[in-house]
1. Filter segment 264-278 down to the residues that are farther than 22 Å from Leu231 by Cα and part of a strand (DSSP E or B) and list them by number.
2. Give the residues of segment 25-59 that are assigned to a helix (DSSP H, G or I) and of a type outside the set (Lys, Arg), sorted by residue number.
3. Quick one: is Asp267 among the acidic types (Asp, Glu) and closer than 22 Å to Gly140 by Cβ?
4. Sort out which residues of segment 99-146 are over 19 Å from Phe238 (Cα atoms) and among the basic types (Lys, Arg), and write them in order of number.
5. Among the residues of segment 259-278, which ones are of a type outside the set (Asp, Glu) and touching a Phe, Trp or Tyr at 6+ places or on another chain (Cβ under 9 Å)?
6. Please work out if Gln200 is of a type outside the set (Lys, Arg), at pLDDT below 85 and surrounded by fewer than 18 Cβ atoms within 10 Å (Cβ to Cβ).
7. Looking at Leu137, Leu162, which one is of a type in the set (A, V, I, L, M), under 14 Å from the mean Cα position of the chain (by Cα) and modelled with pLDDT under 90?
8. Would it be correct to say that Ile86 is over 20 Å from the mean Cα position of the chain (by Cα), assigned by TED's automatic domain parsing to the domain that holds Ile112, modelled with pLDDT under 95 and more than 26 Å from Gln144 (Cα to Cα)?
Amino acid sequence: MNSGGWNGIIPVSNVREENIMEKQCQVAILIDGDNVSAKYAGFIKQEASSYGNIKFFRLYGSISSPTVKAWYSVMPTQGINPVLQISYANGKSIADQALTIDAMDLLYSGEIDVFCIVSSDSDFTKLAYRLKETGKLVIGMGEQKTKESLANACDKFMILDLIYKSEEEIEDKADEEVEQKKRVDEPVKEDEETTISVPQKEDVLNDIVDLLDTYFADEKRVHLSKIGKLLANKLPGFDARNYGYKNMRQFLSESSELDVIDEKAPDGIHNITYIEKK
């Protein structure tokens, strides 16, 4: 398996994402079990389900892999179909080949609209490009060790260890509030060694101000989703959850240069969020 460094979350092409999201999509989740921890199983399923109906949920790996064995207790509860292989040679993953073959079979079956490739292995870069070239939406998930080549080949790539860590911290904080009386909040610990550099929060906020000045100079306020899409193109590594925030709105609410405004949508039920410079 390969490792390297890149920057975080890769945006999907705006037009293609909107076209895909207009219909009920069929999703295939293909996990490189030799390369991904079982602790992410619930998060992977939750994220993938936001793109449509999960039709195939498969885990590939070697039956002798300790990482794969950790998935055994998780697979029945998450509805994962194991596709396990016997490794005949060290250093060569037959499971990688099985995942790639199945992905191509699913592609040509015409049944799948969204492919979720879960791996930190850059060997899947070519596969991601091939799926994308046929008009499929490709969502990648892996850890910070993922090489930039795989991340850039996907429409969107999520850093599992960063997002998982920040969501755990949010849950822990909520539990503390329910229990009350916890006066000291422990500071967030940085990961010892990471190969992916995530942009500093201040740099991201400055980039948002630049985007407002560049693209929306004549507009007083701008729909949050418009800025989100432009920001994703400018900063491939951006995801609000990487910084411990649940969403983009929370991330922006602490800015000294930007205001976040919520207004009722025409249906009177939902809110529309705008941002503007102070």
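The values are calculated or read from the model by the stated rules, or taken from the named source; none is laboratory data. This structure is a prediction, so every number in the text was calculated from the model and none was measured. Every residue, glycine as well, gets a Cβ built from its backbone with ideal geometry; the counts of neighbours run over all protein chains shown.
1. Residue satisfying the conditions is Lys264 alone.
2. Residues of segment 25-59 assigned to a helix (DSSP H, G or I): 38-49.
Correct list: Ala38, Tyr40, Ala41, Gly42, Phe43, Ile44, Gln46, Glu47, Ala48, Ser49.
3. On the way: among the acidic types (Asp, Glu): yes; closer than 22 Å to Gly140 by Cβ: no.
When the stated conditions are applied, Asp267 does not pass them.
4. Residues satisfying the conditions are Lys126, Arg130, Lys132, Lys136.
5. The initial filter retains those residues of segment 259-278 that are of a type outside the set (Asp, Glu), namely 260-261, 264-266, 268-275, 277-278.
Those that are of a type outside the set (Asp, Glu) and touching a Phe, Trp or Tyr at 6+ places or on another chain (Cβ under 9 Å): Val260, Ile261.
6. Details: of a type outside the set (Lys, Arg): yes; at pLDDT below 85: yes; surrounded by fewer than 18 Cβ atoms within 10 Å (Cβ to Cβ): yes.
When the stated conditions are applied, Gln200 passes them.
7. Values: Leu137 fails: modelled with pLDDT under 90.
Leu162 is the lone residue from the list that is of a type in the set (A, V, I, L, M), under 14 Å from the mean Cα position of the chain (by Cα) and modelled with pLDDT under 90.
8. Working: over 20 Å from the mean Cα position of the chain (by Cα): yes; assigned by TED's automatic domain parsing to the domain that holds Ile112: yes; modelled with pLDDT under 95: yes; more than 26 Å from Gln144 (Cα to Cα): yes.
So Ile86 passes the test.
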